[in-house]
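Encoded as structure tokens, the structure appears first; notes follow it.
The values are calculated or read from the model by the stated rules, or taken from the named source; none is laboratory data. Only a predicted model underlies this, so the values are computations on that prediction, with no experimental measurement involved. Neighbour counts run over all protein chains shown; Cβ positions are idealised from the backbone, glycine included. These accessible areas exclude ligands, DNA and RNA; they are computed on the full protein's heavy atoms, side chains included. Shrake-Rupley method; radii C 1.70, N 1.55, O 1.52, S 1.80 Å.
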Amino acid sequence: MGKVGFGVAVGIAVVTCVVAAAVVGKRVKSRRKWMRVVALLNEFEEACATPVTRLRQVVDAMAVEMHAGLASEGGSKLKMLLTSVDKLPNGSEKGIYYALHLGGTNFRVLRVQLGGRTSGIIRHDVERKPIPEDLMTSTSEDLFDFIATSLKEFVEKEDNKDSDCFSVRRRELGFTFSFPVKQTSVSSGILMKWTKGFLIRDMVGKDVCECLQQAFTKKGLAMHVAALVNDTVGTLALGHYNDEDTVAAVIIGTGTNACYLERADAIIKSQGLPTSSGGMVVNMEWGNFWSSHLPRTSYDIELDAESPNPNDQGFEKMISGMYLGEIMRRVILRMSQESDILGPVSSSLRETFALRTPLMAAMHEDESPDLFKVARILNEVLGIPDVPLKVRKLVVNICDVVTQRAARLAAAGIVGILKKIGRDGSGGVASSRSKITSTKLRRSVVAVEGGLYANYRIFREYLNEAVAEILGEECAPFVVLNPTEDGAGIGAALLAATYSSSDTVDT
Ligand code: ADP
Ligand code: MG
């Protein structure tokens, strides 16, 4: 080989080595980045862990906080609001009743026809309407005029369909108003504060039913507000109507809350409470529950700090549909910032609430072998294109961690309620978990409603499994979770029937 040939050969060898080193270097670097992402997932998973021992601590904390909230006003982060509802529908109710539901995603108007013990709910009609956004921050008069007009149109339409209704002199209505209210009777209550994007300052401190009743009078609508209830109370009413062993109701939708039937003598902050049944429904406002046993991560802390209501609704922010997608977005954003495995950080990924929980559920429940939906949602919603399969799988893992924690914590909350009323097989708050013979256990039903529970199968399965796991095999068969639909509205109509004045005319 000549000198030139030798030189060329050496040159080629050097170039090959450099290229090989670069390839190896890139692989090492990319492997390191992948390892970083995996480490972030592992850290997150560990911080979210909910072994049954921890869940039992949450159960105990919930029962203790419930006790504290019942002992004195402001005694706990749980408000434990008294609802004045001291009897629940039992199936004997008859006639046509109406309901309005304000405080969910849509405003709803309902008409329910009840046939008594033999026929039950003969039919129910629901009309859903979005609340025009400007009315959410306008005046109480504008808002209630809109509601009264919608109801009047609905009543007239239904009357035209069903000519029997003309015999009705005065109609009875249940009003589901899912905002914190200080109840002054079953059909009156003062608005304490607005939530969920509503802000009508002249309403705070006013009687909600009076405002509604005035609007009816103005529109010439002969309708009497017989019951003012929270959505959880409506759900409990429907649950109890369907099954008299129903002792509590939980809503897991955009937000989360629960109510249950408490003994009047356990409501220490209101001794001598006049009740016809010796019990009263308590609206827990459990979204605001907090305990140091809740597994909180840096993502939760940041989400809370940047929210419009920091230090508020801590339990809700770990559990409900409004937040799960947002927690997930924050995890993906962090991964994207610490590694280029997801490409450059997109502007959509930086946008708060860019990933809604139903889309997160769709990724989680993607059963296609190449996780086609995961790739599509990452691309179309978060602006992350061409995600390789192993990263798609990792994204599904994040969904699983977020959802599993939420469902298991909600389950612990439910068992906490059962514990408070002595239905968890442990003998109540004061005693330790002692073995109890199954003859002492009573069947307990919890009505569960809300879009997250109803539509997110994996969430629902995790929750159901966790309730059974916490209770243990002896007690679990006695506890039934009963999904309800439109309970918040139908239940309000049922309560209007339970509480309506005796001069109502049955049709
Ligand atoms: P609201 O709580 O507003 O009264 P819903 O009970 O219907 O209304 O709950 C709606 C919420 O449920 C949505 O905001 C969303 O977070 C959640 N949700 C609805 N559908 C799904 C779904 N398919 N998967 C996961 N979450 C869902
Ligand atoms: Mg709702």
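Data overview
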item: Every residue from region 454-487 that is over 19 Å from the mean Cα position of the chain (by Cα) and not in a helix (DSSP H, G or I); result: V479
item: Residues of region 87-118 classified as surrounded by fewer than 22 Cβ atoms within 10 Å (Cβ to Cβ), of a type in the set (V, I, T) and away from ligand 1 (no atom under 16 Å from the Cβ), total; result: 1
item: Search result, residues across region 355-386 that are open to solvent by 80 Å² or more (accessible area, probe 1.4 Å) and in contact (Cβ under 8 Å) with a residue 24 or more places away in the chain; result: R356, P358, D386
item: Scan of region 205-221 for residues that are open to solvent by 20 Å² or more (accessible area, probe 1.4 Å), free of Cβ contacts under 8 Å to residues at least 40 places away in the same chain and part of a helix (DSSP H, G or I), ordered by number; result: E210, Q213, T217
item: Qualifying positions in region 172-204 - open to solvent by less than 10 Å² (accessible area, probe 1.4 Å) and in a strand (DSSP E or B); result: E172, L173, G174, F175, T176, F177, G189, L191
item: Qualifying positions in region 314-354 - open to solvent by less than 40 Å² (accessible area, probe 1.4 Å), within 16 Å of ligand 1 (Cβ to nearest atom) and of a type outside the set (D, E, K, R); result: F315, M318, I319, S320, G321, Y323, L324, G325, I327, M328, A354
item: Some residue of region 279-290 being within 16 Å of ligand 1 (Cβ to nearest atom), open to solvent by 10 Å² or more (accessible area, probe 1.4 Å) and not hydrophobic (A, V, I, L, M, F, W, C); result: yes
item: Residues satisfying the stated conditions in region 45-71, i.e. touching a helix residue (DSSP H, G or I) at 6+ places or on another chain (Cβ under 9 Å), open to solvent by 50 Å² or more (accessible area, probe 1.4 Å) and of a type in the set (S, T, N, Q); result: Q57
item: Residue, nearest to S84 (Cα to Cα), within region 256-285, restricted to residues that are in contact with a Gly (Cβ under 6 Å, 6 or more places away or on another chain) and within 16 Å of ligand 2 (Cβ to nearest atom); result: N257
item: Any hit, region 97-110, residues being more than 16 Å from ligand 2 (Cβ to nearest atom) and either assigned to a strand (DSSP E or B) or at pLDDT 95 or above (or both); result: yes
item: Region 222-261, subset assigned to a helix (DSSP H, G or I) and within 16 Å of ligand 1 (Cβ to nearest atom), residue nearest to L173 (Cα to Cα); result: G234
